[in-house]
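A short write-up of the structure that comes next.
The values are calculated or read from the model by the stated rules, or taken from the named source; none is laboratory data. Worth saying up front: this structure is predicted, and the values here are computed from it rather than measured. Neighbour counts are summed over all protein chains in view; Cβ atoms, including those assigned to glycine, are modelled from backbone coordinates with ideal geometry. Only protein heavy atoms, including side chains, enter the accessible area calculation; ligands, DNA and RNA are left aside. Shrake-Rupley method; radii C 1.70, N 1.55, O 1.52, S 1.80 Å.
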Amino acid sequence: MTMSQIVLNLMAGVLAGGVYHAGLWMTVTRLAYSERPMLLLAGSTLVRMLLLLGGFVLVSFLEWQSLVACMAGFVAVRFGTMILVRPRKTRYCS
């Protein structure tokens with residue numbers, strides 16, 4: 001496996017992570033307004049997982065090096081998302 005293939009698989013993992021977490025964000029923001037929140041949550045989770053796993057299989061052709069690179073990209077996006085949506089500390093004036 002060449003370095004360019006690893007980089008491409010890493011970028012595919014970043015893209016998959018971005019799609020996954022964008023879908024998660026859209027689901028969470030719509031839960032409060034949904035008439036059937038459990039159906040929305042279950043359906044969204046199923047669709048996101050199928051897309052993610054299908055993308056990993058399609059990109060990696062089940063080679064372990066490619067799967068590791070894809071997962072590394074996904075995990076990098078996860079940590080980036082955690083940093084972006086972390087609650088900010090506020091200063092209260094008394």
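Could you tell me whether ARG86 is part of a loop (DSSP other than H, G, I, E, B) and over 10 Å from the mean Cα position of the chain (by Cα)?
For ARG86, the condition - part of a loop (DSSP other than H, G, I, E, B) and over 10 Å from the mean Cα position of the chain (by Cα) - is met.
Looking at VAL28, is it part of a helix (DSSP H, G or I) and open to solvent by 40 Å² or more (accessible area, probe 1.4 Å)?
Here the answer is yes, as VAL28 does meet what is asked.
Taking region 2-29 as the search range and keeping residues that are free of Cβ contacts under 8 Å to residues at least 24 places away in the same chain and small (Gly, Ala, Ser), which one is farthest from MET49 (Cα to Cα)?
Residue satisfying both the conditions and the ranking: SER4.
Restricting to region 52-77, and then to whatever is at pLDDT below 95 and among the aromatic types (Phe, Trp, Tyr), can you tell me which residue is surrounded by the most Cβ atoms within 10 Å (Cβ to Cβ)?
Of everything passing the filter in region 52-77, PHE56 is surrounded by the most Cβ atoms within 10 Å (Cβ to Cβ).
Would you point out which residue out of GLY73, GLY55 is assigned to a helix (DSSP H, G or I) and touching a residue at least 60 places away in the same chain (Cβ under 8 Å)?
GLY73
So ARG36 ticks every box in (1) under 22 Å from THR81 (Cα atoms); (2) exposed (fewer than 11 other Cβ atoms within 10 Å of the Cβ) but one. Which box is left unticked?
For ARG36, the exception is condition (1).
Is there a residue being open to solvent by 80 Å² or more (accessible area, probe 1.4 Å) and over 14 Å from the mean Cα position of the chain (by Cα) anywhere in region 13-21?
No, region 13-21 contains no residue that is open to solvent by 80 Å² or more (accessible area, probe 1.4 Å) and over 14 Å from the mean Cα position of the chain (by Cα).
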